[in-house]
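First up is the structure itself, then whatever we jot down about it.
The values are calculated or read from the model by the stated rules, or taken from the named source; none is laboratory data. Only a predicted model underlies this, so the values are computations on that prediction, with no experimental measurement involved. Reconstructed Cβ throughout: ideal geometry from the backbone, glycine too, with neighbour counts over all protein chains shown.
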Amino acid sequence: MPYQSDQESLRAYPRLTVNLAKLKSNISSIVRTCADAGIDVAGVVKGFNGLAPALGVYEEAGAAQIASSRLEHLRNVKEAGLAPETLLVRIAMLSEVPAVIRYADMSLESEPVVVEALEEEAARQGVSHGVILMADLGDLREGFWDKDEMVAFAARIEKEMPHIELLGIGTNLGCYGAICPDVPKMEELISIAERIEARIGRPLRYISGGATTSYPLVLNKEMPARINHLRIGEGILNNYDLPNLWGLDTAPLYADVFTLEAEVIEVKNKPTHPVGRIFVDCFGDTPVYEDRGIRRRALLGMGKLDYTLIDKLYPRTEGIELVGDSSDHMIIDVEDCKEDIRVGDVLTFDLAYPSVLYLSQDDYINIQYTDAV
């Protein structure tokens, strides 16, 4: 029997179904694979908006931390009484420091002024807070670029900040600059960690080698031994990029933890090229259209407002072509579809990571949960 969303929906569709059994299976599989390589896994939940019914699955499946870029998700973990540590994976804003100390056991950080504020707030709250300092190895998002500065600041945390525990260092690759994590990048991170360890006179708990994009090094048994922590979100949730972009065998991971269903609201034969003077669409763009004559087309009752990127949706019905969309409508070509698509039919889609990211935050989506496999 499917779980029902806490929020009453005024419509049955679009509907996002979250399969908790498959989610747990994916987490368990990745946790086991990483454990065999001596690596702890932080399960990142922001990719599905930290939906509350799914949070406990991470504890059940053995994730070392439940992680998110959103403090609201970490608050939900704490209020649910879940045991794993909480990890903030977006470096903290100064304006949210009190909440970081309250809801995050540890955080990724790169700005000394922020860590100084965390120290002051942790002292006020009478607690300790763990920090993983981030090194920018070329992806050009967060992290120290000057590694001498990084080593010096690590030593300062160790000596001058009694309420901040320097847990380790980490890096992020592949999210902005599209830099591929590889053995040389991991070895560069390890060398920075060893410089810090020599400076502070003790081993670091974690050398955090990145996110899902670093997981192929584990699967290929290439990850250097000292990397002992990864922050994995997408690889758990979708299992799309790893087999399709990296060409990896990711069995037994499920690719259909999340399923989208949408209802057909119109079916008609129409031209494939707009008729009249083309100006701009509702988003201010001027699209280019191919004239393929009159073809059978259908409208679905969902649009950019729901999923944002049409090319990250994959219809399960053979012969359907995704043509375009506006805020609340998707246009599909069903001319070559072997099924007789009619108004009221419900079509099912597989999803890439960005689709889950947007759909799970949409108040207009009917979200349900199931344990069926």
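Overview of results
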read-out: Count of the stretch 95-110 residues which are under 15 Å from GLU142 (Cα atoms) and touching an Asp or Glu at 6+ places or on another chain (Cβ under 9 Å); value: 3
read-out: Selected residue [among the small types (Gly, Ala, Ser), assigned by TED's automatic domain parsing to the domain that holds GLU111 and in contact with a helix residue (DSSP H, G or I) (Cβ under 6 Å, 6 or more places away or on another chain)] from ALA67, ALA61; value: ALA61
read-out: Members of the stretch 236-264 found to be at pLDDT below 95 and either buried (at least 20 other Cβ atoms within 10 Å of the Cβ) or under 16 Å from TYR358 (Cα atoms) (or both), listed by number; value: ASN238, ASN239, TYR240, LEU242, THR250
read-out: Residue in the stretch 106-120 that is assigned by TED's automatic domain parsing to the domain that holds SER25, surrounded by fewer than 20 Cβ atoms within 10 Å (Cβ to Cβ) and assigned to a loop (DSSP other than H, G, I, E, B) present; value: yes
read-out: Residue in the stretch 45-67 that is more than 17 Å from the chain's Cα centre (by Cα), without any contact (Cβ under 8 Å) to a residue 24 or more places away in the chain and surrounded by fewer than 21 Cβ atoms within 10 Å (Cβ to Cβ) present; value: no
read-out: Candidate set: the stretch 275-299, residues that are modelled with pLDDT of 95 or more and surrounded by 10 or more Cβ atoms within 10 Å (Cβ to Cβ); chosen: the one nearest to the chain's Cα centre (by Cα); value: LEU299
read-out: The stretch 328-373: number of residues that are surrounded by 15 or more Cβ atoms within 10 Å (Cβ to Cβ), touching a strand residue (DSSP E or B) at 6+ places or on another chain (Cβ under 7 Å) and farther than 30 Å from VAL45 by Cβ; value: 8
